[in-house]
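Rule-based calculations on the coordinates, nothing more; no lab input. As the structure is a computational prediction, the values presented were derived from the model and not from experiment. Please note: Cβ atoms are built from the backbone with ideal geometry, for glycine as well, and neighbour counts cover all protein chains shown.
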Ligand SMILES: [Ca+2]
Ligand SMILES: [Ca+2]
């Protein structure tokens with residue numbers, strides 16, 4: 001009798017936990033089969049298809065089988081919507097493709113082609129601001145100038161008599177509009193307006209349902225209401241809820257360019273992932289660790305912070321994007337392709353969704369003025385797009401794509417190997433990550449997913465081999481080395497410089 005009572009109590013507790021879990025306002029986690037090796041493309045600089053020298057959607061589609069062959073399984077297109085600028089972060093029509101890039105039919109074709117190859121595709125969605133040439137804004141300014149302050153378009157933007165560094169006066173009136181990215185002709189939308197939310201819902205539905213993309217990269221989310229994280233998290237939660245009601249399982253990754261503790265707060269919105277800015281760039285975790293005298297333990301320290309801050313979240317590590325200097329510069333790897341390769345390895349073994357900016361896979365360089373970071377993809381010396389306007393430094397440090405494709409030891413082919421290993425071993429991207437071991441030069445990450453587990457052992461020294469005591473007597477499942485081989489003798493692994501082994505029980 002007593003045993004039965006205990007059993008029924010346990011059952012009741014279990015049921016209670018089940019109800020609690022089901023009623024939590026969380027969206028289902030992404031399946032461990034969804035895209036984990038994402039590729040960011042600046043369409044203008046990627047591949048031209050019609051001879052005008054400007055990259056376009058048909059050009060991307062032409063290169064798609066090659067991108068898939070490299071093992072990238074998700075595509076992020078920088079803005080493709082109608083816009084007067086070369087970068088297109090200032091939209092004039094959310095329902096049209098910029099004619100420089102092609103047509104909406106091209107977009108649908110590209111989306112279909114991605115899906116046929118088992119790839120997901122997301123588009124950049126700038127919602128913090130529109131172009132100052134957007135019909136909504138033109139209408140609003142016209143109304144302010146005419147003194148028609150009841151005009152509904154005025155409420156689309158933050159127009160008031162307020163003064164401040166982010167307020168731009170409307171000529172001939174006492175009014176001004178908010179513009180967080182000043183000088184760019186990008187007035188901030190009023191995200192408190194229900195009318196604006198009706199527009200946003202239409203935009204989301206159009207892209208998710210009508211065009212069929214898998215989701216969005218959300219631009220500048222910390223500027224939604226500048227300086228108000230709590231508010232931004234609320235707005236993002238609403239955005240995610242709208243997306244989920246339109247297309248369950250659709251994906252969003254947010255650009256919250258801020259520190260780890262802030263990023264942690266942004267995850268409370270339910271948005272799938274936020275770019276891990278602290279790991280990126282010359283002063284980020286990865287470059288810092290690789291420059292340190294004790295690189296493995298240094299990186300382990302950063303990983304501990306990450307694990308503690310975002311234990312159950314999908315991470316989105318990256319090294320460089322269209323706004324940052326390229327990794328070859330940050331890593332000081334112009335003369336040292338090995339360190340560029342190893343950085344890619346560590347980045348990808350960290351876990352979660354890795355984002356690779358086009359050209360990083362061939363070690364393109366560029367820093368300083370934005371256009372320098374967005375140079376034409378270096379396929380070869382004859383097949384390149386025009387350079388974006390405003391380039392002040394034009395150079396390519398590593399061989400072109402075609403040459404690297406033909407060289408088994410190239411950075412390109414090394415990246416391809418990493419992507420292939422990730423595809424074969426879902427534990428790497430999707431497993432829960434723990435630090436199993438670290439010393440000055442050796443780091444072992446343990447990954448767990450359901451019943452499966454593995455250890456990823458990496459030698460952070462670029463000059464000498466290091467040993468690792470395989471105390472659990474796990475088997476070597478696979479290895480990836482730049483030079484030499486991993487060997488084992490008497491329960492001790494010897495890893496060559498920058499070598500890696502994956503061990504399994
Ligand atoms: Ca073109
Ligand atoms: Ca804003």
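Here's the yes/no breakdown for (1) assigned to a loop (DSSP other than H, G, I, E, B); (2) more than 15 Å from ligand 2 (Cβ to nearest atom); (3) surrounded by 15 or more Cβ atoms within 10 Å (Cβ to Cβ); (4) touching a residue at least 60 places away in the same chain (Cβ under 8 Å):
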site	(1), (2), (3), (4)
147	yes, yes, no, no
150	yes, yes, no, no
162	yes, no, no, no
171	yes, yes, no, no
177	no, no, yes, no
180	yes, no, yes, no
184	yes, no, yes, yes
191	yes, no, yes, yes
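Of 48, 56, 106, 93, all but one fail to be touching a residue at least 40 places away in the same chain (Cβ under 8 Å) and away from ligand 1 (no atom under 14 Å from the Cβ); the exception is 93. The residues listed here are 127, 75; of these, the one that is assigned to a strand (DSSP E or B) and buried (at least 19 other Cβ atoms within 10 Å of the Cβ) is 75. For region 233-243, a residue qualifies if it is within 27 Å of residue 165 (Cβ to Cβ) and in contact with a strand residue (DSSP E or B) (Cβ under 9 Å, 6 or more places away or on another chain), and exactly one does: 236.
Taken residue by residue, region 300-312 has no member that is in contact with a helix residue (DSSP H, G or I) (Cβ under 6 Å, 6 or more places away or on another chain) and crowded, with 21+ Cβ neighbours inside 10 Å. The residue pairs whose first member lies in region 369-384 and is on the phi > 0 side of the Ramachandran plot, whose second member is crowded, with 20+ Cβ neighbours inside 10 Å and assigned to a loop (DSSP other than H, G, I, E, B), and whose beta carbons are closer than 6 Å, counting only pairs six or more residues apart or on different chains, do not exist in this structure.
Restricting 332, 344 to residues that are out of contact with any strand residue (DSSP E or B) (no Cβ under 9 Å at 6 or more places or on another chain) and either in contact (Cβ under 8 Å) with a residue 24 or more places away in the chain or outside any strand (DSSP E or B) (or both) narrows the list to 332. Exactly one of (1) in contact with a helix residue (DSSP H, G or I) (Cβ under 6 Å, 6 or more places away or on another chain); (2) within 30 Å of residue 325 (Cα to Cα) is unmet by residue 223. Its number? Condition not satisfied by residue 223: (1). Any residue at all in region 240-247 that's under 23 Å from residue 276 (Cα atoms), in a loop (DSSP other than H, G, I, E, B), more than 13 Å from ligand 2 (Cβ to nearest atom) and touching a residue at least 60 places away in the same chain (Cβ under 8 Å)? Within region 240-247 (the criterion being under 23 Å from residue 276 (Cα atoms), in a loop (DSSP other than H, G, I, E, B), more than 13 Å from ligand 2 (Cβ to nearest atom) and touching a residue at least 60 places away in the same chain (Cβ under 8 Å)), the answer is no, since none of the residues qualifies.
Of all residues in region 199-225, those satisfying the criterion of being within 13 Å of residue 181 (Cα to Cα) and either away from ligand 2 (no atom under 16 Å from the Cβ) or part of a loop (DSSP other than H, G, I, E, B) (or both) are 219, 220, 224, 225.
Taking the criterion of being away from ligand 2 (no atom under 16 Å from the Cβ) and assigned to a helix (DSSP H, G or I), the residues of region 130-145 that qualify are 135, 138, 139, 141, 142, 143, 144, 145.
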